[in-house]
Amino acid sequence: MADRVTVIGWDGSPLTEAARAALGAATLVAGAAHHLALPEVPPGAERIRLGSVALAARRIAGHRGTAVVLADGDPGFFGVVRTLRAPEYGLEVEVVPAVSSVAAAFARAGMPWDDAQIVVAHGRTLRRAVNVCRAHTKVAVLTSPGAGPAELALLLEGVHRTFFICEALGTDRERVTVLTSDKAADHVWRDPNVVIVVGGSAAAAGPGAAGQGGWLAGRDPNHPPAVRGWALPAAEYTGQDARAAAPGTADSAQLRAAQLARLGPRPGDLVWDIGAGSGAVAVEAARFGAAVLAVERDAAACARMSAAARHFGVQLQVVHGIAPLALEALPEPDVVRVGGGGVRTVAACADRRPERIVTHASTRDEAEAVGRVLADGGYTVECALLQSLELDTREWTERERAVVFLLSGSRM
């Protein structure tokens, strides 16, 4: 029985001496059609078209002889190595890597990629990959049939991005196309392909723009965090006195901290912030890596939110409109914070079935009404009475007191 498999990466360049030696000794070779057509594949070797990697791993584990798996790019980077190393197959894996398709795509585009997010798009993850493209200025998408450039563009409707579409890298059919995201759905694209999605500050700067080098992969070095901490005073987002910017309790730092803790925004999520006010919750959710749609009826507040997003270096899609009507055309959310709009808006959000809905109420009667709407919508409801007291530390006297009901609904 085979207990060892050599995985060879292929990027279109001639195979290394180590790769040729391993392939020449193989009695079983697994790979895509273009891999199996390579002249170095021994004529007498058993050949397996690589569809299901798990199925191929079982065949390899039961094979009497020497096995080789051919894969595009670096097989240890979102590749077959992870599956082949699963304990149930009992295989010892040796890897001969090649240049990854992501590295090759950025090389063709002439861009650095230490500041890029990298995601895989297929049937189950396409929506989350699109949300990462909403939230970040530079994303490389490893696509699959049915989750390619056209599908990315359709789901990004309303968000301007530039696509660098790199098709069939390393083959004689290789092609690189640069176009805006609204044009990508008008074409048919070759598989496999990698899409570099650029937007926001990166798009404005251009692919050749110079910037200071970073120290942490996946972070834009031109937009470090503006300040340290979370649930900051409202003035950090508005430039106004906190009490003038956020009268009452709806935008208090203490309430926002509790709301963000209940929401738990994360990369791949789409957050709705309805009645976004100063945009403090929206910006902080975006700082966690989530994509955010902020809905606000006040045009001046919308402008302040956009300015706050630029200041903090996050991507924020601001929708000027009145809930619940403004929600009808929005893409499906993962979590929702309702800062304003009342029971009707909460009910409209529950109809869209997000994983969590978080809101607040000023009175017990209002809290009970919201709780009933959430429960009727199939949510498990939690409610806490929050009381905060802000002190003037110069004289240690009371400056502002706030009491509010915090409600959260989790989908059963």
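What the table below lists for this structure:
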quantity	calculated
Residue within region 45-60 that is within 30 Å of VAL198 (Cβ to Cβ) and either of a type in the set (D, E, K, R) or open to solvent by less than 40 Å² (accessible area, probe 1.4 Å) (or both) present	no
Selection from region 185-197 of residues that are open to solvent by 10 Å² or more (accessible area, probe 1.4 Å) and of a type in the set (A, V, I, L, M)	ALA185, VAL188
Number of positions in region 133-157 that are assigned to a loop (DSSP other than H, G, I, E, B) and more than 9 Å from VAL194 (Cα to Cα)	6
First in region 1-22 and in contact (Cβ under 8 Å) with a residue 60 or more places away in the chain, second anywhere and open to solvent by 60 Å² or more (accessible area, probe 1.4 Å) and assigned to a loop (DSSP other than H, G, I, E, B), Cβ under 6 Å, 6 or more apart	GLY9/PRO97; ASP11/VAL99
Number of the exception - GLN254 against (1) under 26 Å from the mean Cα position of the chain (by Cα); (2) surrounded by fewer than 20 Cβ atoms within 10 Å (Cβ to Cβ); (3) modelled with pLDDT of 85 or more	(1)
Subset tally (residues that are open to solvent by 40 Å² or more (accessible area, probe 1.4 Å) and not in a strand (DSSP E or B)) for region 158-184	8
Candidate set from region 261-287 (those that are modelled with pLDDT of 95 or more and either out of contact with any helix residue (DSSP H, G or I) (no Cβ under 8 Å at 6 or more places or on another chain) or of a type in the set (Ser, Thr, Tyr) (or both)); member that is surrounded by the most Cβ atoms within 10 Å (Cβ to Cβ)	ARG262
Selection count where residues are part of a helix (DSSP H, G or I) and surrounded by 20 or more Cβ atoms within 10 Å (Cβ to Cβ), scope region 313-334	1
Candidate set from region 1-26 (those that are of a type in the set (A, V, I, L, M, F, W, C) and part of a strand (DSSP E or B)); member that is farthest from THR171 (Cα to Cα)	VAL5
Residue within region 354-364 that is outside any strand (DSSP E or B) and under 22 Å from GLU284 (Cα atoms) present	yes
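Per-residue answers, yes or no, for (1) open to solvent by 20 Å² or more (accessible area, probe 1.4 Å); (2) closer than 23 Å to SER278 by Cβ; (3) not in a loop (DSSP other than H, G, I, E, B):
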position	(1), (2), (3)
VAL336	no, yes, yes
GLY340	yes, yes, no
ALA347	yes, no, yes
ALA350	no, no, yes
GLU368	yes, no, yes
CYS383	yes, no, yes
LEU386	yes, yes, yes
LEU389	yes, yes, yes
ARG394	yes, no, no
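The values are calculated or read from the model by the stated rules, or taken from the named source; none is laboratory data. These numbers come from a predicted model, not from an experiment. Here Cβ is always computed from backbone atoms with ideal geometry, including for glycine, and neighbour counts include all displayed protein chains. To get the accessible areas, we keep the full protein, side chains included, count just its heavy atoms, and leave off ligands, DNA and RNA. Shrake-Rupley method; radii C 1.70, N 1.55, O 1.52, S 1.80 Å.
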